[in-house]
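Worksheet: one structure, shown below.
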């Protein structure tokens, strides 16, 4: 047999297995709505002190056995070897929720928070030597935010107490049981009735071990007489007893709306310290009604640094600015560490050598637009130095280099979220993320390198490892890439134009996943919320929605109009007293450019947005009639009403310079409200809202819908029970799925199939 023929046969025999393997591998499929249940959200990476291991959290939606199209959230702790020598593995199992993990300084234990349904969250310890996680706390009010002491022997944690619980604790300890500030109850004195709320809750509960000191299970004390037809004091006690049973709910607060319910009384953070060993009892740090937060240990283990209201004698709903405080553990003595007029301070973090405190700061008052800057102060106090004033981007997630020479941080910019570091001595800033489409959701620093949780158009969440300078990036996990390798995805194309105000507007287009240049496709205009949010290829929360609509055959365009974050102070302030016309012009200009693509069918354009994007969608269809259909989700439609029914009401003084009772401001609010132009709306409109969305409020959506319905316009109203403003990001899985499919079905009614 000729040698050439033998060689050909050999090559064919070698290729046959490869060909068979290629034929056996299924072709990639398009993203579906149900792929929502495949997405794994990776959170809270924490490198061990030696940098060899990274612990992190994986949030997933696990299918329910009784329903093929519903699921339940699960969060588990995972552990990965940074050098990749072993596969990442879960450390926890089951239906409990896990969060807020942190390594002991010795690197042999993890502290984390575990929540079991219908029980308060508690802190657990997990030894890396093996064995089950063990509970450290059994606090009736719950425990969170564990922080190891510098020597690793104790853990600082926080519990949230109601007014009644804090009052009872201080009464038992013989301390002042009323705050320094007025509770603003007209013509009434603080604590002028019995503590009925605590009595009602403790009358049928025993005192558990490891209880937060003096919060429950106290020795019974005689109760005053309470009756409806008694003396003034007796009727007050009877009314107070009813209020304690939340029947009725009474409030004297300004900020009485939470995200999904009323918050008739303020809650208070209380700090505790506990030895990091089983059976230990916590010690209270008596800071009273100061309601401090973001606590971190100072190096001596005797003091904490934290943030708190700039005026501790003012009602917490009235005090919007913050200071840095130092707290003595032994006495609870609070000392102002840093607090300049008009400044807001956040996220203090202590350097590994104990000499510095890094924090974020803005200096332009409570309603300003300045970008949070990185600053440092000596841990013993002194003059603060701002390090990133020239960056003009919002610094976030500050972490120290292990040699205390620099601070790592992220700062959203032009559609992506790069990682930076700044040197504390020179103030030199270096950008470590060079990939224009990457968003760094979180990261952790060790002496030897970094781990980063990254979003990009090809993957919503994955963890990568790199050198300390951000180079030599490689994937460490495959939580999403494992299933995405079988999916076909679309890419993002960046664009920019200069608007009539001279501002550079970034926008992106996405072609249909199965793009055919011979076909025409409908154009979907997507609008973000905020108004100071920022979208781009590095944004994780919209990843699935964008890829789903591209898979369904839409050309997509989205932009960051004036007022968006990630482009600096002046850009973010550019929609002051101009929520409608200016930003709408930017959105529509981007849509005009996108519609010039030969593959776009200009007669089939649709638009949607949520929150402020819902507002802007409603504004646009009240002024422009190009769209075949529109969907306004969880929006603001009447700014005057928004002041009363939304817990985000402070956007009014920030963006419009005042309040609805001020005549000149009211005129602006009415001019800028989509409800004012409801008669102009002819576009078929789906209005979506959640039953307990107290961020924007519900009444405006009802009024907007009813107005259109009364006029006989093509409008549909969708309400989701139990849901809040966060439905699209963290709502019930089936409701999130329904939302996405319902949106696409509504558009199809008016644009037809491709």
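The values are calculated or read from the model by the stated rules, or taken from the named source; none is laboratory data. None of the values given here were measured: they were computed from a predicted structure. Neighbour counts are summed over all protein chains in view; Cβ atoms, including those assigned to glycine, are modelled from backbone coordinates with ideal geometry.
Among the residues of segment 60-102 satisfying the criterion of being surrounded by 19 or more Cβ atoms within 10 Å (Cβ to Cβ) and in contact with a helix residue (DSSP H, G or I) (Cβ under 9 Å, 6 or more places away or on another chain), which is nearest to residue 125 (Cα to Cα)?
Out of the qualifying residues, it is 61.
Failed condition for residue 436, given (1) within 30 Å of residue 582 (Cα to Cα); (2) at pLDDT 95 or above; (3) in a loop (DSSP other than H, G, I, E, B), with all others met?
Among (1) within 30 Å of residue 582 (Cα to Cα); (2) at pLDDT 95 or above; (3) in a loop (DSSP other than H, G, I, E, B), the lone unmet condition for residue 436 is (2).
Quick check: anything in segment 174-189 assigned to a helix (DSSP H, G or I), more than 16 Å from residue 272 (Cα to Cα) and modelled with pLDDT under 95?
no
Let me confirm something: among 451, 422, which residue is touching a residue at least 24 places away in the same chain (Cβ under 8 Å) and within 24 Å of the chain's Cα centre (by Cα)?
It is 451.
Kindly evaluate residue 636 against the criterion of being surrounded by fewer than 21 Cβ atoms within 10 Å (Cβ to Cβ), out of contact with any strand residue (DSSP E or B) (no Cβ under 7 Å at 6 or more places or on another chain), under 25 Å from residue 317 (Cβ atoms) and in the same structural domain as residue 494 (by TED's automatic domain parsing).
In short, no.
Among the helices (runs of 4 or more DSSP H) confined wholly to segment 679-754, which include 1 or more residues that are over 21 Å from the mean Cα position of the chain (by Cα), assigned by TED's automatic domain parsing to the domain that holds residue 513 and farther than 30 Å from residue 517 by Cα?
Per the criteria, 699-710, 733-751.
Could you tell me which numbered condition residue 120 fails, if it satisfies all but one of (1) surrounded by 13 or more Cβ atoms within 10 Å (Cβ to Cβ); (2) in contact (Cβ under 8 Å) with a residue 24 or more places away in the chain?
(2)
Have a look at 355, 371 and point out the one that is surrounded by fewer than 20 Cβ atoms within 10 Å (Cβ to Cβ) and over 13 Å from residue 408 (Cα atoms).
When all the criteria are applied, what remains is 355.
With 378, 394 as the choices, which residue is surrounded by fewer than 20 Cβ atoms within 10 Å (Cβ to Cβ) and under 26 Å from residue 431 (Cα atoms)?
Exactly one of 378, 394 is surrounded by fewer than 20 Cβ atoms within 10 Å (Cβ to Cβ) and under 26 Å from residue 431 (Cα atoms), namely 378.
In the list 164, 168, which residue meets the criterion of being touching a residue at least 60 places away in the same chain (Cβ under 8 Å) and within 21 Å of residue 266 (Cα to Cα)?
Only one candidate qualifies: 164.
Out of the residues in segment 509-533 that are outside any loop (DSSP other than H, G, I, E, B) and in contact with a helix residue (DSSP H, G or I) (Cβ under 9 Å, 6 or more places away or on another chain), state the one that is farthest from residue 563 (Cα to Cα).
My answer is 522.
When you go through (1) in a helix (DSSP H, G or I); (2) in contact with a helix residue (DSSP H, G or I) (Cβ under 6 Å, 6 or more places away or on another chain); (3) farther than 28 Å from residue 254 by Cα one by one for residue 669, which number turns out not to apply?
Every condition holds for residue 669 apart from (3).
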